[in-house]
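Structure first, commentary second.
Each value in this text was obtained by applying a stated rule to the coordinates, not by laboratory testing. Predicted model, so just to flag it, every value in this text is computed and none were measured. Quick reminder, even Gly has a Cβ in these numbers, built from the backbone with ideal geometry, and neighbours come from all protein chains shown.
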Amino acid sequence: MSEGFATVPAMRFLHTSDWHLGRSLHRFDLREAQAAFLDHLEQARSNSVSTRNARLTAIRAVLSHAQPSYPENAATITRILAVPPKRHPKPILEFLSAAEADALLAAPARTTWTGIRDHALLALDIQTGLRVSELCSLTTASIRFGTGAHVTCTGKGRRHRATPITAATTAIMTAYLDQRITKPGDALFCGPRGQQLSRDALEHRLALHLATATARCPSLADKNVTMHTLRHYVDGLVMWPEAASALVAEPRVLVPAT
């Protein structure tokens, strides 16, 4: 890359109309500018390869739109559009083993209100595999006990879902709601004043309990556990409601969530 070109802030190219239109900029070939911009994202801004490819997709969209209006620059634009996305290894999805899930569930101190709430939240999430946004949106009316106990939510794509819960999870949630009734609001998992918990609040509570669980189960220290990690693998038996009662007495079998 030219030394003169290196003095031009790479982020300016995305906002320069001449560059969008496929013309020359500061006397340098635009293929060099495009390559430098993408390299800048990775090296200077520490963006991931996925982000780099997303920006490349945006560049292609702009140039594809401009190409018919600027036929004199068609050759340059075509060469830029031919740049392939950068390949990269896919990250390994983290998941919890049965022993790690048990250690995490045992971490909250159930002698306090927040401990009871966090234990119920983790138990429901590990068993049902709900997304973080779905957990945050649950209300006290979202859960049904008795025959065919289940929790309902509006999930990704505005799809209404009903997920069965086991007898063990039902017992945990029943005990939690007996304590929850003293709090205002209708959020199922709420703060001290009844307000709905945010995604950041859930991640913060998980980090606290993860530190406690790691002392009991050291293998957790080698994993990057987030709220999303809990939904990667859920109890296989809950996929079939007729087998849910057997889950209480039998060891958990972890299978990929569907």
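Among 95, 71, 83, which residue has its Cα furthest toward the positive end of the charge dipole of the range 52-102, with +1 on Lys/Arg Cβ and -1 on Asp/Glu Cβ?
Among 95, 71, 83, the one farthest towards the positive end of the dipole of the range 52-102 is 71.
Please list, or write none, the lysines whose alpha carbon is within less than 27 Å of the alpha carbon of residue 156, excluding same-chain residues fewer than 8 places away.
Hits, sequence-local ones excluded: 90, 223.
So, in nm, how far is label residue 177 from label residue 66 when the simple model puts each one 7 Å beyond its Cα toward the Cβ?
Taking the two extended label points, one gets 5.9 nm.
Report the gain in length on full extension from residue 83 to residue 46: 0.36 nm times residue separation, minus Cα-Cα distance, nm rounded to one decimal. Intermediate results must be reported in sequence, preceding the final value.
Numbers: separation 37, 0.36 × 37 = 13.32 nm, distance 2.09 nm.
Contour length minus the Cα-Cα distance gives 11.2 nm.
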